[in-house]
Each structure stands twice: as C-alpha cells, then as structure tokens.
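Colleague: One structure follows; several queries about it will come next.
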C-alpha cells in the first residue's frame, strides 16, 4: 500500500512540479524581457539625447556661418563706401583700427614703464618687481591683441 500511496504521492508532486515549471519559466522570461525593454528604452533615450545635441550643434554652426557671412558683407560694404568716398576716407578707414590698437598698446606700455620706474625708485627688488608686474590680466591683454591681429589675418587668407 505504501508503494501505491508513495507512487501516487510522488506522481502528484512531480506532476505539480512539471505543471508549475512552465509558469516559473514564463515568470523568469518576463523578468528578462522587462530588463531587456528597460535597456532598450535607456539606449533609445541616449540616442535621442545625442540627436538633440547634434541638432543644437548644427544650429550653432548655422548661426556662426550666418555671422561670418554678415561680417563679410559688412566688410564689402565698408570697402565699397571707402572707395566711393575717396583716398582720404579710405586712408582714415584703413588706419582707424590699427591706430587705436597702437594708441592702446602705447598707453599700456607707458603705464607699465611708469610702474616699474616708481618701483625701482623705491629701491624694490628687481626680481619681485618684474614678476609682479606681469600677471594674468597682462597676459590676457597681450593675447587678445595678438589673436585679433594675427588670427584674423590667417582666417582672411584662408577664405581667399
């Protein structure tokens, strides 16, 4: 009788387990499927972010190109106006920016020389005076002028 009951009991247990096995596998598969969907959603979100950044970069480039075109047209108009106005107006137009640069640079040099002279007259240590008379602002000023004149010239040559 134990064999009959044991066989029936074991049969019921194995039958139940085999009936539950597909449900357990479905549950595990759904878990993997949800994980996969989450990964796909994350990838799609990242892709949309990159597309948005690319669109912003395109707009920035378009804006920069339109600015350069406007500057080019302004220079053409200025050149045409200067030619029509005569040699004196052309000369004044051509010398204005370099003249202002030379005046500003000369004033800058004068202020630096005056500061160094005062420091040396006060018997300051020359090494301290030289190192403290040149700081980040001085470097920025020199960099700005050099960039304006020399980078602008290379861009103009490249465009020709």
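Values in this text are rule-based calculations from the coordinates and carry no lab data. Every value quoted in this text rests on a predicted model; they were computed, and no experiment measured them.
Colleague: Give me the base-10 log of I(q)/I(0) for region 87-160 at each q in 0.13, 0.16 Å⁻¹, Debye formula, one uniform scatterer per Cα, rounded to two decimals.
Modeller: Result of the Debye calculation: -0.58, -0.75.
Colleague: Pulled fully out, how much extra length does the chain show between residue 73 and residue 133, if you take 0.36 nm times their separation in residues and subtract their Cα-Cα distance?
Modeller: 17.4 nm is the gain from fully extending residue 73 to residue 133.
Colleague: P(r) for region 21-160, please, calculated from all Cα pair distances in 10 Å bins and given in %.
Modeller: Per 10 Å bin, starting at zero, the Cα-Cα P(r) for region 21-160 comes out as 8, 17, 18, 15, 14, 10, 7, 6, 4, 1 percent.
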